[in-house]
Amino acid sequence: ETQRPRVLVTRAVFPDIVTQLARVAEVEATPDDAIHTPAQLRLRLRGKHGAFITNSERIDAQLLDACPDLRVVSTMTVGVDHIDLAACAARGVVVTHTPDVLTETTADFGMALLLAAARQMGDAERYLRAGQWRKWRYDLFAGSDVHGTTLGVVGMGRIGQAIARRAALGFNMRVLYHNRSRLAAGIEQDCRAAYRTLDELLAQSQHVLLALPYSPAARHLIGARELALMPPGSTLVNIARGGVVDEAALADALRRGHLGAAGLDVFEGEPAINPVLLDAPRVVLTPHIASASIPTRRAMVQLAVDNLIAVLQGRSAITPISA
Ligand code: 8YV
């Protein structure tokens, strides 16, 4: 009797979806949400053929060498910077991710974070909850407008384009974008977006939103020099990866009053947060929840499970990604 493949599920996610894996594999689930150390992950993945992971688990050459039976890694993320794609390809390990199912939910959140930051909603709520609201003031948490202003989108992929449509069509914003490659004119027309170099985008945008895929080349893409290019009082929103922004430089730009506001959903070293951000003014901080609506998180888990089942049954992956 052929042995059924063995699969590790590294996170406690929707059991009614994960149980579908039992149709084709022996499943080792994870009852809690403890973060795996690399050694724990290697130990648990040894002898397994498939892995369900999130961006809390890193897949690198050392792990792959310790787990030679691994045939497929299915991540419940669209970003894959936690996976060494070249090392997986070199070992014939299929990698799948969850694009498209999260695009609109994440784009909604990108606009929400932009509005919350520009209009100082974080500081305003803390002020009210602290019992400090005593009287009306004409300029109480008076922030900057979003409608009719210029939004610079860095990373005009699926999520960036969904945000550009919301900005242009919903808020009458002028959209500039910077991308590794220039988009087809049709898309520019659809999003009413114009291509700019990064420096031009930073200098010409009242609000800048980061939605680019992360790689070591993108680390600290936005540092002190780039922040200084942004107009005084402008807004920076990051829904990409924490490493894209030099957080100390950002906190300094906020404290000095150069930057009007920031909205961050991702952080270097998350879930640990750089203390300079916790003390900075006019910044809205959220715990990596941009794709977190129940329907979307269910769709992501379902797609990740469907990818595992397909590959373990010898069929093509639904949404593979390669280096
Ligand atoms: C994930 C994300 O849900 O998809 C990504 O790349 O960052 C989020 O949508 C989050 O990382 C938890 O897995």
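Data for the structure
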read-out	value
Filter result (surrounded by 11 or more Cβ atoms within 10 Å (Cβ to Cβ) and not acidic (Asp, Glu)) within region 126-147	TYR127, LEU128, TRP133, LEU140, PHE141, GLY143, SER144, VAL146
Number of positions in region 67-87 that are in contact with a helix residue (DSSP H, G or I) (Cβ under 6 Å, 6 or more places away or on another chain) and within 13 Å of the ligand (Cβ to nearest atom)	2
Condition met for LEU113 (in a helix (DSSP H, G or I) and more than 16 Å from the ligand (Cβ to nearest atom))	no
Test: residue in region 223-239 that is under 16 Å from the mean Cα position of the chain (by Cα), farther than 30 Å from ASN172 by Cα and at pLDDT 95 or above	no
Complete set of residues in region 284-323 that are under 22 Å from ALA90 (Cα atoms), in contact with a helix residue (DSSP H, G or I) (Cβ under 9 Å, 6 or more places away or on another chain) and polar (S, T, N, Q)	SER316, THR319, SER322
Residues located in region 286-298, provided they are hydrophobic (A, V, I, L, M, F, W, C) and under 18 Å from ALA12 (Cβ atoms)	ILE289, ALA292, ILE294
Matching option when the condition is under 15 Å from the mean Cα position of the chain (by Cα) and under 22 Å from GLN120 (Cα atoms), among ALA262, ALA290	ALA290
Subset of region 88-108 [part of a helix (DSSP H, G or I) and more than 13 Å from the ligand (Cβ to nearest atom)]	CYS88, ALA89, ALA90
Out of PRO281, PRO295, sole residue that is in a helix (DSSP H, G or I), at negative phi and surrounded by fewer than 16 Cβ atoms within 10 Å (Cβ to Cβ)	PRO295
Neighbours by Cβ (under 8 Å, 6+ apart or cross-chain): first from region 17-31, small (Gly, Ala, Ser); second surrounded by fewer than 16 Cβ atoms within 10 Å (Cβ to Cβ)	ALA25/ARG4; ALA29/ALA12; ALA29/PRO15
Of the criteria (1) at pLDDT 95 or above; (2) assigned to a loop (DSSP other than H, G, I, E, B); (3) touching a Pro at 6+ places or on another chain (Cβ under 7 Å), which one PRO68 fails	(3)
Failed item in (1) crowded, with 19+ Cβ neighbours inside 10 Å; (2) within 23 Å of GLN302 (Cα to Cα), with HIS82 passing the rest	(1)
In region 182-212, residue farthest from ARG119 (Cα to Cα) [restricted to those that are over 20 Å from the mean Cα position of the chain (by Cα) and either touching a residue at least 60 places away in the same chain (Cβ under 8 Å) or assigned to a loop (DSSP other than H, G, I, E, B) (or both)]	ALA184
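The values are calculated or read from the model by the stated rules, or taken from the named source; none is laboratory data. Being a predicted model, the structure only gives us computed values, none of them experimental. Quick reminder, even Gly has a Cβ in these numbers, built from the backbone with ideal geometry, and neighbours come from all protein chains shown.
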